[in-house]
Structures are given as C-alpha cells and as structure tokens.
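Scroll down for the structure; my scribbles are underneath it.
The values are calculated or read from the model by the stated rules, or taken from the named source; none is laboratory data. In this text, all values refer to a predicted model and were calculated from it rather than measured experimentally. Every residue, glycine among them, receives a Cβ derived from its backbone with ideal geometry; neighbour counts consider all protein chains shown. Only protein heavy atoms, including side chains, enter the accessible area calculation; ligands, DNA and RNA are left aside. Shrake-Rupley method; radii C 1.70, N 1.55, O 1.52, S 1.80 Å.
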Amino acid sequence: LADLPVSGVTGIDASGFERAHASTHYTKRTNLTIQQLKTTLLVDTATNAIIDVHMTTTRKHDTQIATQVVKRNTESIAVLSGDKGYDDQKLRRTANDHDIRPLIKYREFTSLHKAWNGRLDRSRYHRRNMNETVNTAIKQKFCAFVRSRLWWKQFRELVIKCIVHNL
C-alpha cells in the first residue's frame, strides 16, 4: 500500500466484507450471486500496518491467494505467520524460495505434524492475532460492508479504508 517502516514479521488472514448494501433488484439484474468480498490482508504484526491487500469475489482457497501476496511482497517479509488454513506445501515452498520463514501450523494428520507444531516459535506465532485485530478494527471504524456497486469502486473503497487505517 505504501512505503512504511516494517519489522518483517508479518501475518496473513482473510475476512469478508458484505456487498449487501446493493438492492435485491440490482443483484438479480446484474446476476450478482456472491454477496461478499473476500479480503486478504498482509499485516506487519509489530506496527499493525497493512502491507498488502487482496480482494476477490471468487471462491479461491486462502493458500492460492497467500501465494500471490507473498510473491508480491518478498522484500517486506522475513517471517510469515498464518493459521492452519494456510497450511499448504506450495505456499511453504514459495516462502522458503524467497528466504521467508513460514510460521504456519500444520493440520495434524500424522504424529509427525503434531511434533512439528510443538516446535513452533509460540511468541511469534501468536502475533498473527494482530491480523484479526486489524480486520476487526477496520470493520468497526469503517463498517463491515462496501457502499459502492461497481467492482472496481468496491476495490478502491476497501483500499482507501486500509490506507486510512495505516494513517
């Protein structure tokens, strides 16, 4: 979003913003079937500054979006933390290729995954909650829905909310 001083310890999380402000007639006429914008924020956990924002109306999985966000911001990230929803080998490989340490819990399918989760740096991992704090703060300060009706204006509106949050 802007050139901010960042610590390099980041967290990634997604949240939804309602598009319900549009009338029912409008949504039927334009064939809008998805009523939410999925917004993924990359947040510096030390300063709570939003580094990057990604929005979509499709049903893409969090790991696909996270890979794009990581590739766009490799110079700003030293440590990437996320919840178990971001447990994906492709994302871990992308992070390791760019010298980024992934702090993402494994989904526990085997005892090996449970052991790997036990070795996680808990002090840094729990800083990922700052993402949820930032998501909540934006929704409380600026409403949990977008007023615009056109996609590019909705995108612009959410980016402005993120910039104002950073100020």
Across the stretch 138-167, the tally of residues that are under 19 Å from ASP52 (Cα atoms), open to solvent by 50 Å² or more (accessible area, probe 1.4 Å) and outside any helix (DSSP H, G or I) stands at 1
Note on the stretch 49-80: residues touching a strand residue (DSSP E or B) at 6+ places or on another chain (Cβ under 8 Å), modelled with pLDDT of 85 or more, open to solvent by 40 Å² or more (accessible area, probe 1.4 Å) and not hydrophobic (A, V, I, L, M, F, W, C) are GLN68, ARG72
Matching option when the condition is modelled with pLDDT of 85 or more and more than 18 Å from ALA46 (Cβ to Cβ), among LYS153, LYS161: LYS161
Output the residues belonging to the stretch 33-44 that are open to solvent by less than 50 Å² (accessible area, probe 1.4 Å) and at pLDDT 65 or above. LEU37, THR39, THR40, LEU41, LEU42, VAL43, ASP44
Would you call LEU103 surrounded by 17 or more Cβ atoms within 10 Å (Cβ to Cβ) and either free of Cβ contacts under 8 Å to residues at least 60 places away in the same chain or touching a Lys or Arg at 6+ places or on another chain (Cβ under 7 Å) (or both)? yes
Yes/no for ASN135 being polar (S, T, N, Q), at pLDDT 85 or above and open to solvent by less than 90 Å² (accessible area, probe 1.4 Å): no
Within the stretch 114-129, can one find any residue that is touching a Lys or Arg at 6+ places or on another chain (Cβ under 9 Å) and within 13 Å of ALA66 (Cβ to Cβ)? no
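To keep it simple, each residue is scored yes or no on (1) more than 24 Å from LEU150 (Cα to Cα); (2) touching a Ser or Thr at 6+ places or on another chain (Cβ under 9 Å); (3) at pLDDT 85 or above; (4) open to solvent by less than 20 Å² (accessible area, probe 1.4 Å).
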| site | (1), (2), (3), (4) |
| --- | --- |
| PRO5 | yes, yes, no, no |
| GLY8 | yes, yes, no, yes |
| ARG19 | no, yes, no, no |
| ASN31 | no, no, no, no |
| THR47 | yes, yes, yes, no |
Hey, among the residues in the stretch 114-125 that are surrounded by 14 or more Cβ atoms within 10 Å (Cβ to Cβ) and of a type outside the set (Ser, Thr, Tyr), which one's modelled with the lowest pLDDT? ASN117
List every residue pair whose Cβ atoms sit under 6 Å apart, with the two residues 6 or more apart in sequence or on different chains, where the first one lies in the stretch 107-135 and is over 28 Å from ILE50 (Cα atoms) and the second, anywhere, is outside any helix (DSSP H, G or I). HIS113/TYR106; LYS114/GLU108; TRP116/TYR106
